[in-house]
1. If contacts are Cα pairs under 8 angstrom and at least 6 residues apart, what is the relative contact order of the chain in percent?
2. Looking at region 12-111, which trypsin sites (Lys or Arg not before Pro) are DSSP coil and have at most 13 other C-beta atoms within 10 Å of their C-beta?
3. Express the carbon and sulfur contribution to the solvent-accessible surface of region 1-112 as a percent, rounded to the nearest whole number, probe 1.4 angstrom.
4. Would you pull out the residues with amide H under 5 Å of I115's amide H, same chain only if 5 or more places away, H placed 1.01 Å from N?
5. Restricting attention to region 1-67, which GluC sites (Glu not before Pro) occupy a DSSP loop and are surrounded by at most 15 other Cβ atoms within 10 Å?
6. Might you report the magnitude of the Cβ-based charge dipole of region 1-113 about its Cα centre, with Lys and Arg at +1 and Asp and Glu at -1, to the nearest 20 debye?
7. Compare the Cα positions of P66, A127, F35 along the charge dipole of the chain (+1 at Cβ of Lys, Arg; -1 at Cβ of Asp, Glu; about the Cα centre) and return the one farthest towards the positive end.
8. So what are the ³J(HN,Hα) numbers for region 6-11, from phi and the Karplus equation (6.51, -1.76, 1.60; θ = phi - 60°), rounded to whole Hz, Gly and Pro as x?
Amino acid sequence: MADQPLSLEFASLNEARALHKMLFEHKFDTPEGVFFGSPLIAAIQHRLLELVIDADSADGRAAARPQWEQWRQAEAHPHLLTVVRRHLTENAATVAAWTPEQREAYVRTILAPLIPSAALLRELITA
């Protein structure tokens, strides 16, 4: 049962938005917590945001998808990038021992559901 897909139905788009916001804000408010670097939470955040974007776009708002895609760019959140950079600096010894692929996966995980540009990703994995 643990490997079988499960589904969750939201009563409204607002419920999905509220869960997205809570996960997003809590994660970046507590970078020392276990959820910050969790690949499971990152995967949930990406799927949940895609659900919100799809529902928001289908709700008669043609401009919703481009607005969300712009919001999703990691560079649009400099205050959160400060949190990420601080976290990577504080854990530099551990992160430096990883392969470049592991560092990239970790950076993508801690940024989720945000998406870094190639330049930002390079900067963060080589810092």
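The values are calculated or read from the model by the stated rules, or taken from the named source; none is laboratory data. It should be emphasised that the depicted structure is a prediction, and the values quoted were computed from it without experimental measurement. Here the Cβ is made from the backbone with ideal geometry for all residues, glycine too, and neighbour counts use every protein chain on show. These accessible areas exclude ligands, DNA and RNA; they are computed on the full protein's heavy atoms, side chains included. Shrake-Rupley method; radii C 1.70, N 1.55, O 1.52, S 1.80 Å.
1. Numbers: 88 pairs, mean separation 36.4, N = 127.
Computed over the chain, the figure is 29 percent.
2. Values: sites: R17, K21, K27, R47, R61, R72, R85, R86, R103, R108; in loops: R61.
Sparse-neighbourhood loop trypsin sites (Lys or Arg not before Pro): R61.
3. With neighbouring chains kept in place, the figure for region 1-112 is 59 percent.
4. Q73, A74
5. Numbers: sites: E9, E15, E25, E32, E50; in loops: E9, E32.
Listed in order of number, the matching sites are E9, E32.
6. Values: 11 positive and 15 negative charges, 52 e Å.
The dipole of region 1-113 has a size of about 260 debye.
7. Among P66, A127, F35, the one farthest towards the positive end of the dipole of the chain is A127.
8. After applying 6.51 cos²θ - 1.76 cosθ + 1.60, I find 10, 10, 9, 9, 9, 6 Hz.
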